[in-house]
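Q: Structure incoming, see below.
The values are calculated or read from the model by the stated rules, or taken from the named source; none is laboratory data. This structure is a prediction, so every number in the text was calculated from the model and none was measured. Here Cβ is always computed from backbone atoms with ideal geometry, including for glycine, and neighbour counts include all displayed protein chains. Areas reflect the complete protein model, heavy atoms only, side chains present, ligands, DNA and RNA absent. Shrake-Rupley method; radii C 1.70, N 1.55, O 1.52, S 1.80 Å.
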There are 2 protein chains.
Amino acid sequence: MEMFEMMGRYEHEQLVFWSEPTLGYRGIIAIHDTTLGPALGGTRFWRYDSDRDAIIDALRLSRGMTYKAAVSGLNLGGGKSVILGDNRVADREMIFRAHGRAVESLGGRYITAEDVGTSPADMDYVLAETDHVVGIYGRSGDPSPVTAYGVFVGIRAAVAHRTGSDDLDGKHVAVQGLGHVGYWLCKYLADEGARLTVTDIDAGRVQRVVDEFGATAVDPDAIYAVDADVFAPCALGAVVNDDTLPVLKFGIIAGAANNQLALSHHGDALHEAGILYAPDYVINAGGLINVYGELHEWSAERSKLKAGEIYSSLRKIFQTADDESLPPAEAADRVAEDRVARARHLQRSFV
Amino acid sequence: MEMFEMMGRYEHEQLVFWSEPTLGYRGIIAIHDTTLGPALGGTRFWRYDSDRDAIIDALRLSRGMTYKAAVSGLNLGGGKSVILGDNRVADREMIFRAHGRAVESLGGRYITAEDVGTSPADMDYVLAETDHVVGIYGRSGDPSPVTAYGVFVGIRAAVAHRTGSDDLDGKHVAVQGLGHVGYWLCKYLADEGARLTVTDIDAGRVQRVVDEFGATAVDPDAIYAVDADVFAPCALGAVVNDDTLPVLKFGIIAGAANNQLALSHHGDALHEAGILYAPDYVINAGGLINVYGELHEWSAERSKLKAGEIYSSLRKIFQTADDESLPPAEAADRVAEDRVARARHLQRSFV
């Protein structure tokens, strides 16, 4: 139960436990760092094996949000919340209103959104109790085009770093996953003359992309061995693992999926294999940028413009990686930490 | 680490961990129940053996505050905070400003004050970061006269319950501890014609009460065996214990000290011995009433008037104890729980 040791390891600011026993609600809000702004991060609803597992998950995920916001140039800190229990629960209103009260109790230091096990409909219940929630139906709308646009400019940044030109005409991109984000990514890429090889477990999605953008379809298992310039994983996590590494022939991996590296040492392996990896939390920040826009009532156009900055963020990260002989994932962490440290230093100078 | 099990046992709403590693600040805020109003309770600064001990202390003390506020008719919930560390720390400003930020993070759901290991001067640092703090120099002022007045009317209530009249003329009261509260209590009692036997480890304090109010002084160890109508412990805790119980000849125990019963079963022992015990957290609520007055900018006169209601609170508790054959300490808990339950039921009816 050495709570402060767990918090101290990565300098978490705050950890909140909220309980409404009569409703069966048990929630944890972790706030990692608010140097850059209020802590934003989604609500995960999950049946954890123990309170300890839930605490560790909340601490880990909230820290990730600090890095993501920092590297994306957003004025946001990092936070995350988890609700403990079976996310197939019938009475979602009672649970998510209780969660809304927990979020409201922090008076805006933490802003929530949907995440694994929760939906925009759940966030409507949260909204009944607090204004500190984003990703609401009818506000910023579907984030997928913005996320896809961020991935698209991220691919350009990687190609530019590799070849000296960000022209995608004739470049070959293998896209894994053709959901909302994957579809929009294919559209942006096709518009620039890129050649597409695609896969998805849903045949209808594949057919649409083949028809609209002249893409070539392959079986899901075959995507890893495609001889393309760029691999854009936009579905599963852990696609870079001990099994896939030996067959990857891509020069660049740059896609929207979360947690693309099965383990952090797989980032080193890509680096050694000469494969340029665009750190997932940097290139897929369009979703976060979209809800940030919702928070500030930006137009869709302005959010897309901001997602376009992922291009320069990645260029800077790749340059730092080269200069310091680091894998890009580590360079990204360095850039994020630098920004937080500079802001913290500034704040202290004014106390 | 089964945090929610610990919280669920007494239905705590919220438990907050706040850490500022660079300052060495580690604080916990426990909010037990806010049905009746914002959670108010002091800040304890203590070197705990473990985080677990600190958590248990915060949970236990915050629950006590719910009962105290409820039974006193205040519109306050129960909360408490603890700062972990050596309370002789030199740089109090950094620690208490960090604590102020922790309190501020809850946006008014929790209001703090001084407690064991902290002082009004420390609260001035808290005030630099949050308005949610009471017991500030120059606001409500010294709470001792109000606390003493509450104990005074509490003694009248006990005498009235025992004898049918609350006239204190000629009644014999043994007062243990002649600090600010004990001194003021002696003054109120003497004004009503009570006879006083007093003790304190400070000879100067004893002399003053002997001179001003004609009290009889005894040695500290001798106070327990005085043959008086009322014993008013106003200094140490745990004065009712296995050693003192056999020598107590008082009909009534009613004083300002915290935690007068060494263990809860000593309340049963008093009950069986026919000694009427005014539950400490009820009769000494004047201090809480005084800071509640500060919160609402009451005049000193109004706070004293409110402390006068301790008379009727205790009458009701003694009556409940008789009706249900309970020790008064248990009757007080019952009265507090009833009030919270009724308020909670009302709130739910309006959702």
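Q: Which semi-axes, in whole Å and largest first, does the equivalent ellipsoid of segment B:169-257 have when worked out from the alpha carbon gyration tensor as the square roots of 5 times its eigenvalues?
A: Square roots of five times the eigenvalues give 19, 14, 11 Å.
Q: Something else: How many nanometers, to one decimal and shortest first, lie between the label point of A:LEU305 and those of its other copies, if labels sit 7 Å from Cα toward Cβ?
A: Here the equivalent label points are 6.1 nm apart from this one.
Q: May I pose another question? To the nearest 10 square angstrom, what accessible area does A:GLU5 show with a 1.4 Å probe?
A: 120
Q: Can you list the distances in nanometres, one decimal and ascending, from the B:GLU324 label point to the identical position in each other copy, with the point 7 Å along Cα to Cβ?
A: 6.5
Q: Once the whole set of protein chains is in place, how much accessible area is left on B:SER313, using a 1.4 Å probe, in Å² to the nearest 10?
A: It works out to around 30 Å².
Q: Heads up, I need the accessible area for A:LEU261: 1.4 angstrom probe, whole protein in place, Å², nearest 10.
A: 30
Q: Counting only residues 5 or more places away or on other chains, whose amide H sits under 5 Å from the amide H of B:ASN87 once H atoms are built in the peptide plane?
A: Counting only residues 5 or more places away or on other chains, the set is B:ARG47.
Q: Taking the solvent-accessible surface of protein heavy atoms with a 1.4 Å probe, what is the per residue accessible area of segment A:266-351 in Å²?
A: Per residue, segment A:266-351 has an accessible area of 50 Å².
Q: Also: Could you identify which residue out of A:LEU185, A:LEU106, A:LEU76 has the top mean-square fluctuation in a GNM of chain A using Cα springs shorter than 10 Å?
A: Of the options given, A:LEU106 has the highest mean-square fluctuation.
Q: Now for a separate question. If the elastic network links every pair of Cα atoms under 10 Å, which of B:GLU324, B:GLU93, B:GLU192 fluctuates the most in the Gaussian network model of chain B?
A: Of the options given, B:GLU324 has the highest mean-square fluctuation.
Q: Pick from A:GLY237, A:GLY287, A:GLY27: which residue has the top mean-square fluctuation in a GNM of chain A where Cα pairs under 10 Å get a spring?
A: The residue with the greatest mean-square fluctuation here is A:GLY237.
Q: Now a separate question. Output the DSSP H helices from chain B with an along-axis C-alpha extent of no less than 20 Å and a mean Kyte-Doolittle hydropathy no less than 1.6.
A: Correct list, ordered by number: empty.
Q: What Kirkwood hydrodynamic radius, in Å, does the protein assembly as shown give when the mean of 1/r is taken over all pairs of distinct Cα atoms and then inverted?
A: 28.7
Q: Given a 1.4 angstrom probe, I'd like the percentage of the accessible area of the protein assembly as shown that is carbon and sulfur, rounded to a whole number.
A: On the way: 14010 of 29250 Å².
That fraction is 48 percent.
Q: Separate question: In sequence order, what are the phi-derived ³J(HN,Hα) couplings for segment A:112-118 according to the Karplus relation 6.51 cos²θ - 1.76 cosθ + 1.60 with θ = phi - 60°, rounded to whole Hz, with x for glycine and proline?
A: Here the 3J(HN,Hα) series is 10, 6, 6, 7, 3, x, 10 Hz.
Q: Next question. Using a label point 7 Å beyond Cα on the Cα-Cβ vector, give me the inter-copy distances for A:THR163 in nanometres, one decimal, shortest first.
A: Result, one decimal in nm: 10.2.
Q: In square angstrom and rounded to 100, what buried accessible area do you get between chains A and B, total over both, with the probe at 1.4 Å? Don't jump to the answer; show the numbers that get you there.
A: Details: alone 15980 and 15980 Å², together 29250 Å².
Accessible area lost upon association: around 2700 Å².
Q: Further question: To one decimal place, what orientation-averaged projected area in nm² is obtained for the convex hull of the Cα set of segment B:95-167?
A: 6.6
Q: State the Cα centre-to-centre distance between segment A:304-351 and segment B:163-180 in whole Å.
A: Result: 72 Å between the Cα centres.
Q: Tell me the relative contact order for segment B:105-233 as a rounded percent, counting alpha carbon contacts under 8 Å between residues six or more apart.
A: About 20 percent, as a whole number.
Q: Related question: For the rotation bringing A onto B, which A residue has its Cβ nearest the axis, and at how many Å?
A: Taking Cβ atoms only, the nearest residue and its distance are A:GLY107, 2.
Q: Along the three principal axes, how long is chain B when you take its alpha carbons, biggest first, rounded to the nearest angstrom?
A: Between the extreme Cα coordinates on each principal axis of chain B lie 59, 49, 40 Å.
Q: Within segment A:144-332, how many lysine pairs that are 8 or more places apart, or on different chains, have C-alpha atoms less than 21 Å apart?
A: Final tally of qualifying lysine pairs is 6.
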